[in-house]
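Participant: First the structure, then my questions, so here it is.
Derivation of every value follows stated rules applied to the coordinates shown; laboratory data play no part. Treat the numbers as computed from the prediction; the structure is a model and nothing was measured. Here Cβ is always computed from backbone atoms with ideal geometry, including for glycine, and neighbour counts include all displayed protein chains.
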Amino acid sequence: MKNRTVASLAIAVVVMVMLSGMPAYSAYSNDGCVIASGGGDVSGGTYSLRGTIGQAAVGVVTGGTYKVESGFWYTTSFGQPAQEITKLKDAKSLADGTPVHATGKIATTDASDFTGFFYIEEADRSSGIRVVATSIQGTLARGKTIEVTGIMATTAAGERYIDQATAVVTGTPSLLGALGMNNKSMGGSTLGTPPLGQYGVPGGSGTNNIGLLVRVWGRVKVAGSVTTLDDGSAVSLTVDTSGLASPPANGTYTVITGISSLYGTAGTAERLLLAID
């Protein structure tokens, strides 16, 4: 009996010691937590880390005129995410080599109008740009809605364009009308501060219109391989007629539709119309 009492007392002491070392029940809590999908950049010194939680797949899946870009860190073939371009004029303020992505733009030239490039424009005709594509999904035609992913670049004449582009035809034709323009208005003033911008022309004024679909008129002068147009504004406009099935004859009066462009050297380049009709 005495042994049982001693054993019970010993157990009681051990239990009391254990309980005395434990905090009160109210000190514990079970807060909910969630590890959600997401990610971000972490950098320090010359090192950087891109992290993602819950990314199951990454890449591009295409079918017909549709495309799905999957993954939090989906990047272009240029090694970094493309900047989303709302207005094409904004792309012209980006440095050469910057990846860009634009959707809902309208093609203003056909695949057959020029060799190796075509032009797209805003639906409101506020800005346009040249595209040099390495691949085109669908049939490129005037008025078709286009999605473009590429990198910014500049021609020797100073015209900004989207290079190494992948273009996807995403919509049915919705033709844009050409902007009527006299020779003096062609080119316009400089946009931004090139090279982060778009050169205008020497003495140019008004809104920069390089890359836009325009319509001009006047008397044709052909001297050797050079065609110019005189509309009475005291400014001569050089016209590249290689895209016309029937170039206008010397001395005739005509109306020509084409793209506002540049020829010469960046910063001093002159007005050029790339004729298509």
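Participant: Distance cut-off 20 Å, Cα to Cα: go down the list LYS92/LYS184; LYS92/LYS144; LYS105/LYS144 and report the pairs above it.
Facilitator: LYS92/LYS184; LYS92/LYS144
Participant: Between region 168-216 and region 105-156, what's the alpha-carbon centroid distance in Å?
Facilitator: If we compute the Cα centre of each part, the gap is 14 Å.
Participant: Here's a follow-up. Take THR254 and SER126, extend 7 Å from each Cα along the Cα→Cβ direction, and tell me the distance between the two endpoints in nm.
Facilitator: In this crude spin-label approximation the distance works out to 3.4 nm.
Participant: Give the cross-link partners of LYS221 among the aspartates and glutamates, using a straight C-alpha distance below 19 Å as the criterion and excluding same-chain residues fewer than 8 apart.
Facilitator: LYS221 reaches ASP230, ASP231, ASP240, GLU270, ASP277.
Participant: Here's another thing I want to ask about it. Net charge near SER112, counting Lys/Arg +1 and Asp/Glu -1 over other residues with Cβ under 14 Å of its Cβ?
Facilitator: Result for the local shell: -1.
Participant: Go through region 255-263 residue by residue and turn each phi into a ³J(HN,Hα) via Karplus (6.51, -1.76, 1.60, θ = phi - 60°); whole Hz please, and just put x for glycine and proline.
Facilitator: Values per residue, Gly and Pro as x: 10, 10, 10, x, 10, 6, 9, 9, 9 Hz.
Participant: With only Lys, Arg, Asp and Glu charged, each at its Cβ (+1 for the first two, -1 for the last two), find how big the charge dipole of region 179-275 is about the Cα centre; round to the nearest 20 debye.
Facilitator: Using Cβ point charges on Lys, Arg, Asp and Glu, region 179-275 gives about 100 debye.
Participant: Nearest 5 percent is fine: what portion of the DSSP beta bridges confined to region 83-169 is antiparallel?
Facilitator: Rounded to the nearest five, the antiparallel share is 70 percent.
Participant: Could I ask something else about it? Please say if region 83-169 is rounded, prolate or oblate, where rounded means a/c under 1.5 for a ≥ b ≥ c the square roots of the C-alpha gyration tensor eigenvalues, and otherwise the choice is prolate for a/b larger than b/c and oblate otherwise?
Facilitator: Note, shape of region 83-169 comes out rounded.
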